[in-house]
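Quick notes on the structure that follows.
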Amino acid sequence: MNIAKFLIRAGAVMADHPAAVVGTRRVCTYGQLSARVAALAGALLDRLGLKPGDRVALAMKNCPEYLEALYACWHAGLVAVPVNAKLHAREFAYIIDDSGAGLVLVSPDLAATIGEAMQAAASAPPVVEIGSAAWRALASAAPIGLHPASPLDPAWLFYTSGTTGRPKGAILSHRNLLAMTSAYFMDVDAIAPGDSILHAAPMSHGSGLYILPHVAAMATHVIPESGGFEPAETFQLIAAHPGISFFAAPTMVHRLVGAPQAAGADTRNLKTIIYGGGPMYVEDCKKALALFGPKLAQIYGQGESPMTITALSKRLHADTGHPRFEERLGSVGYAQSVVEVRIAGANDEPLAAGEVGEILVRGETVMAGYWNKPEATRETLRGGWLHTGDMGTLDADGFLTLKDRSKDVIISGGTNIYPREVEEVLLLHPAVKEVSVVGRSHPDWGEEVVAFVVAMPGQGLSSDDLDRLCTDNIARFKRPKEYRFVEALPKNNYGKVLKTELREWATRP
Ligand code: AMP
């Protein structure tokens, strides 16, 4: 079944109900949204000549048109490729080329970046700017009926950076997204039409996935005027919208708790904060519970099994009388209804409760594979299980605790930064002999990036040189906050860099 069916249903059943608001200004009803999507879908096929199965890159910051673009793609049987708005032009170019996008939809604030990306890209798909005359013309096309997608048809290419450094597109089918939507209702929260969802996190990733259950339940989508996360604005929007929920990376929760507005905040309208995407420390969680009350739910997932591996419900966050409450609060909850979770040893053998190993996942939300990457697909899905790259342990009750997330990934501000990607850029400098990048814990961002650099002898090399190189090649948030020049990197007998030791060095002045 086509996942866009839910929007058609909402448009018919709740035609006059607000679908999207910006701040507190109503933008469209479900009836209007559904009609615009059918017209836009018609334009994508009939005017732009796309065919079902073609990819459409969405280079857009949070805006109400995100809903139109996503659902128009699905309605027409196209594959949406939402791209992180913070990426560098070259990274956009890579994803546009890799996905073979036949069209790029860009929000005005990213038009210049995409202009640059198109210079660097090998392909040259048409680019349409949201809100432009060309865009308005598309929305006035003749509407078409829903494309009869089969369950395994790809719907969303979810680009996650791989440990190999290059982003990989996890292929999420209509069935994967339907299972993710169902799991939200079974394992995270109920939603009623009077409720709303605040898109403070990026709609290209965490918040975007939560569009689906909220369209299915006909709730209202609230897009902040700022287009993103500003604590003061978030508190205002919580006070303004009844039954409001939102997805937040742990750093966002941390920033809300520490914001000056927290003390007098009116949080009566708040229904649920769903946090995940990075580790939440127990102390931080308790502070958030003290401020917001038992309105927190946690999810653990990854692009390859979107939002859906385990969940720790609101009820469990409130179960303070349980003898293992603290332990459970430090866990990521138990397997969501549509997946199985297993801990495996070095040879993929299942491990017993309490033993630490790699977290494997099998079930309805697990991707079909990576776009055009058969080898990485085989490796990641070997034996019929998704190998998450995260290490953890299951207790006798089925609660999963992450011990060490994927070996070396740095999670800063809720976004993954893959050290190899930064290392590869730094190694472009002719005066860099060796380099290794690690994360160092940071009170606001969770972690920050530190680069250890061995320079070629006799060559002047400065932090500024390296910083410039990064600015020219990768997104700003991936740049190291500190460059440490060292004589040599610590290595084991096989010549592998000892990152654990470097992480320790990074904490010393
Ligand atoms: P992404 O594919 O970009 O969503 O990143 C997924 C990764 O984020 C996972 O593989 C974990 O390493 C980490 N992650 C996701 N959820 C949690 C969580 N609740 N607690 C700790 N780490 C998490």
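Where the only charges are on Cβ atoms (+1 Lys, Arg; -1 Asp, Glu), what is the dipole of the chain about its Cα centre, to the nearest 20 debye?
Computed about the Cα centre, the dipole is about 540 debye.
Computed FRET efficiency, Cβ-Cβ of ALA124 and GLU504, R0 41 Å: what is it to the nearest 0.05?
0.30
Neighbouring Cβ atoms within 10 Å as the yardstick, rank VAL449, VAL253, VAL454 fewest first.
VAL454, VAL253, VAL449
Within segment 195-290, report the GluC sites (Glu not before Pro) that DSSP leaves as loop and that have at most 16 other Cβ atoms within 10 Å.
Those satisfying the criteria are GLU225.
Run through segment 336-432 and list the trypsin sites (Lys or Arg not before Pro) located in a DSSP loop whose Cβ has at most 15 other Cβ atoms within 10 Å.
Numbers: sites: ARG342, ARG362, ARG378, ARG382, LYS403, ARG405, LYS407, ARG420; in loops: ARG405, LYS407.
Listed in order of number, the matching sites are LYS407.
If I model a spin label at ALA290 and ALA232 as a point 7 Å from the Cα along the Cα→Cβ vector, what separation in nanometres do I get?
Once both label points are built, they end up 2.5 nm from each other.
If you restrict to DSSP beta bridges whose two residues both lie in segment 397-509, what percentage is antiparallel, to the nearest 5? Write out the running numbers ahead of the final one.
Numbers: 14 of 18 bridges.
Percent antiparallel among DSSP bridges in segment 397-509 is about 80.
Near LYS295, which lysines are there with a Cα under 20 Å away, not counting those fewer than 8 places off in the same chain?
The reachable lysines, counting only those whose Cα sits under 20 Å from LYS295, are LYS271, LYS286, LYS287, LYS314.
Where Lys and Arg each count +1 and Asp and Glu each count -1, what net charge lies around THR113 among other residues with Cβ under 13 Å from its Cβ? Don't jump to the answer; show the numbers that get you there.
On the way: positive: LYS61, LYS86, ARG90, ARG476; negative: GLU91, ASP109, GLU116, GLU129.
So the environment of THR113 carries a net charge of 0.
Answer with one residue from VAL338, PRO279, VAL257: the one whose Cα lies farthest towards the positive end of the charge dipole of segment 255-353, charges on Cβ with Lys, Arg +1 and Asp, Glu -1.
The residue sitting most towards the positive pole is VAL257.
What's the local net charge at ALA80, with K and R +1, D and E -1, over the other residues with C-beta under 14 Å away?
Its environment carries a net charge of -3.
With unit charges on the beta carbons (Lys and Arg positive, Asp and Glu negative) and the dipole taken about the Cα centre of the chain, which residue among LEU44, SER245, SER313 sits farthest to the positive side?
LEU44
Using amide H atoms built in the peptide plane, which far-off residues or other-chain residues are under 5 Å from THR220 H to H?
ASP195, SER196, ILE197
Can you sort TRP445, TRP156 so the residue with the fewest Cβ neighbours within 10 Å comes first?
Numbers: TRP445 22, TRP156 29.
Ascending number of Cβ neighbours within 10 Å: TRP445, TRP156.
Under 15 Å Cα to Cα from LYS491, which aspartates and glutamates show up? Leave out anything in the same chain fewer than 8 places away.
By straight Cα distance, LYS491 reaches GLU434, GLU501, GLU504.
Over the chain, what is the percentage of antiparallel beta bridges among all DSSP beta bridges, to the nearest 5?
The antiparallel fraction comes to roughly 60 percent.
Restrict the search to segment 175-283; then list the trypsin sites (Lys or Arg not before Pro) that DSSP places in a loop and that have at most 16 other Cβ atoms within 10 Å of their Cβ.
Passing both the DSSP loop test and the Cβ count: ARG268.
Post the alpha-carbon centroid distance, segment 430-476 to segment 278-330, in whole angstrom.
34
Choose one of ALA120, LEU178, TYR159: the residue whose Cα lies farthest towards the positive end of the charge dipole of segment 83-219 (beta-carbon charges +1 Lys, Arg; -1 Asp, Glu; about the Cα centre).
Comparing the listed Cα positions along the dipole, ALA120 ranks first.
Output the relative contact order of the chain, whole-number percent, from Cα pairs under 8 angstrom with separation of 6+ residues.
Relative contact order comes out at 12 percent.
If you average the alpha carbon positions of segment 331-398 and of segment 6-43, how far apart do those two centres end up, in angstrom?
So the separation of the two Cα centres works out to 38 Å.
If I take every Cα pair under 8 Å that is 6 or more residues apart in segment 171-298, average their sequence separation and divide by the length, what percent do I get for the relative contact order?
It rounds to 23 percent for segment 171-298.
Straight-line reach only, C-alpha to C-alpha below 21 angstrom: list the lysines that LYS373 could link to, leaving out same-chain residues fewer than 8 apart.
By straight Cα distance, LYS373 reaches LYS168.
I need the calculated FRET efficiency for the pair ALA133 and ASP46, taking r as the beta carbon distance and R₀ as 25 Å, to the nearest 0.05.
In this case the efficiency is close to 0.85.
Every number in this text was worked out from the coordinates using simple rules, so none of it is lab data. Note that the coordinates shown come from a computational prediction; the quantities given were computed from them, not determined experimentally. All Cβ positions, glycine included, derive from the backbone under ideal geometry; neighbour counts span all protein chains shown.
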